[in-house]
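Only one structure is covered here, and it is reproduced in the block below.
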Amino acid sequence: MAPDILLSHGPQGPSAYAQAVHAAGGIPHCACCPPCDTSFDALVLCGGGDVDPARFGQENRGSRDIDHRRDAAELALARAYAAAGKPILAICRGCQVVNIALGGTLIQDLPPASRQRHTSQGSGDLVHPVTAEPGSFFFSAFGPRFFVNSAHHQAVDLLGAGLLAALKSDDGVVEGLVHRSLPILCVQFHPERMSFSRRRSDTADGAPIFHWLLHAAAAQDKI
């Protein structure tokens with residue numbers, strides 16, 4: 001039986017995320033600000049606006065598009081799925097949510113030189129190389145160095161408990177996190193726009209990230 005995957009998304013909708021989960025073999029269950037239900041086999045935290053910096057003990061220094069209801073829902077989900085030992089795939093905003101949920105902080109607005117590498121002035125993504133830590137999922141799946149898409153002005157700063165920075169851009173921005181002991185995979189880029197029907201020629205294939213999710217979710221389904 002295909003694993004049931006909860007997708008928490010913003011008002012813009014989950015289309016690309018849901019399509020990628022379905023293409024990888026999962027059944028997506030999509031909701032904006034869903035209740036804290038850990039009965040699903042895995043959780044996907046989708047992209048979106050910034051998290052309220054008060055959630056990690058800071059004043060607002062460049063955060064925007066804050067949705068307090070979504071912050072509350074997704075921080076609760078991240079903590080609950082982590083506590084249950086269930087898989088989490090966290091994408092862009094989701095990566096930041098997981099880091100905050102586990103006690104970490106964010107860079108609220110990247111320095112101008114980094115923003116030029118990570119934040120498009122138009123509606124599309126930028127593309128840049130990243131370097132993977134040897135022994136990490138990213139190194140195994142993609143090799144030591146590969147290209148990803150980019151559309152963010154914030155980034156992980158201090159790491160949450162148990163998280164490791166396993167992927168970085170050339171300017172030192174964290175682009176991927178793994179957890180030391182839990183099935184948690186976080187990416188600052190957008191693999192849902194790099195895989196399956198949205199596969200692109202100028203980046204790595206994002207499909208292995210969704211295959212990781214489905215493999216981890218299927219393992220939960222057998223417990």
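The values are calculated or read from the model by the stated rules, or taken from the named source; none is laboratory data. Just so you know, these numbers come straight off a predicted model, no measurement behind them. Cβ coordinates were reconstructed from backbone atoms using ideal geometry, including for glycine residues, and neighbour counts include every protein chain displayed. Ligands, DNA and RNA are excluded from the accessible area calculation, which covers all protein heavy atoms including side chains. Shrake-Rupley method; radii C 1.70, N 1.55, O 1.52, S 1.80 Å.
Restricting the search to segment 39-57, which residues are more than 14 Å from Cys186 (Cα to Cα) and surrounded by 14 or more Cβ atoms within 10 Å (Cβ to Cβ)?
Of everything in segment 39-57, those that are more than 14 Å from Cys186 (Cα to Cα) and surrounded by 14 or more Cβ atoms within 10 Å (Cβ to Cβ) turn out to be Phe40, Asp41, Gly48, Gly49, Asp50, Val51, Asp52, Pro53, Arg55, Phe56.
Residue by residue, here is whether (1) in contact with a Leu (Cβ under 7 Å, 6 or more places away or on another chain); (2) within 23 Å of Leu43 (Cβ to Cβ) holds:
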{"site": "Ile66", "(1), (2)": "no, yes"}
{"site": "Glu74", "(1), (2)": "yes, yes"}
{"site": "Val97", "(1), (2)": "yes, yes"}
{"site": "Gln108", "(1), (2)": "no, no"}
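Restrict the check to segment 11-28 and report whether at least one residue is open to solvent by 20 Å² or more (accessible area, probe 1.4 Å), under 24 Å from Ala161 (Cα atoms) and either hydroxyl-bearing (Ser, Thr, Tyr) or in contact with a Gly (Cβ under 7 Å, 6 or more places away or on another chain) (or both).
no
Output the number of residues of segment 119-159 satisfying the condition of being open to solvent by 40 Å² or more (accessible area, probe 1.4 Å), part of a strand (DSSP E or B), of a type outside the set (Val, Ile, Thr) and within 26 Å of Arg180 (Cβ to Cβ).
1
Checking Asp202 against (1) in a helix (DSSP H, G or I); (2) open to solvent by 10 Å² or more (accessible area, probe 1.4 Å), only one condition comes out false. Which one?
Every condition holds for Asp202 apart from (1).
Taking into account only those residues within segment 160-196 that are assigned to a strand (DSSP E or B) and farther than 14 Å from Trp212 by Cβ, which is most open to solvent (accessible area, probe 1.4 Å)?
Only one residue tops the list, namely Lys168.
So which pairs qualify, if the first residue must be in segment 204-223 and farther than 22 Å from Glu175 by Cβ, the second must be assigned to a helix (DSSP H, G or I) and modelled with pLDDT under 95, the Cβ gap must be under 6 Å, and the two must be at least 6 apart or on different chains?
none
Residue-wise test of (1) free of Cβ contacts under 8 Å to residues at least 40 places away in the same chain; (2) small (Gly, Ala, Ser).
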| position | (1), (2) |
| --- | --- |
| Val21 | no, no |
| Ala31 | yes, yes |
| Ser39 | yes, yes |
| Cys46 | no, no |
| Ala54 | yes, yes |
| Arg64 | yes, no |
| His68 | yes, no |
| Ala84 | no, yes |
